[in-house]
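The values are calculated or read from the model by the stated rules, or taken from the named source; none is laboratory data. Since the model is a prediction, treat every value here as computed from it, not as a measurement. Here the Cβ positions follow ideal geometry from the backbone for every residue, glycine too, while neighbour counts run over all protein chains shown. Ligands, DNA and RNA are stripped out before the accessible areas are found, and what is left, the full protein with its side chains, is counted by its heavy atoms. Shrake-Rupley method; radii C 1.70, N 1.55, O 1.52, S 1.80 Å.
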Amino acid sequence: VLSFIISICYIAYLAAFFMMAPLLEFLLALFLLFAYAAKLNEKFKGLYWPLMDFLRCVTAAVIYFAISIAAVSKYNDGAPKAAGVFGFIATIVYAIDFYITFNDLVTSLKQGSPDSPEQRKSE
């Protein structure tokens, strides 16, 4: 939801070069939501889904932090400032998400879950 709001704020100001990152992140999050809802993670065992989700969260947090700093410092109007503030909020949300995902990832790797890469190598 935050990615969509940030995209709308950048569209309102016609800052197309800032608009691409939140829009791509929104589409990627929508794809992963659809993939988990359709249980594609159970059908496609070749991908390690928790690691993919972790990498998405890390890159999203870094990208949102960078474009939020650029938007807040470069523009003086309302829409880019609002997008920058929402971007900082999204950075915090993604940082919390990658912390939680990292803990789950480490726990599943320590337990040797059947989805882990080490188990697939032994097969």
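Just checking: which of the helices (runs of 4 or more DSSP H) contained wholly in the stretch 1-43 hold 3 or more residues that are modelled with pLDDT of 75 or more and within 18 Å of the chain's Cα centre (by Cα)?
On the way: elements: 2-13, 16-37, 40-43.
Per the criteria, 16-37.
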Worksheet item: Can you tell me which residues in the stretch 52-99 are loosely packed, with under 15 Cβ neighbours inside 10 Å, part of a helix (DSSP H, G or I) and more than 19 Å from the chain's Cα centre (by Cα)?
Response: 73, 74, 78
Discussion item. Could you check the stretch 22-51 and list, in sequence order, the residues that are in contact with a helix residue (DSSP H, G or I) (Cβ under 7 Å, 6 or more places away or on another chain), open to solvent by 30 Å² or more (accessible area, probe 1.4 Å) and within 22 Å of residue 84 (Cα to Cα)?
Written reply: 23, 26, 28, 29
Practice prompt. Could you list, in sequence order, all residues of the stretch 100-113 that are open to solvent by 30 Å² or more (accessible area, probe 1.4 Å) and among the aliphatic types (A, V, I, L, M)?
Written response: 100, 106, 109
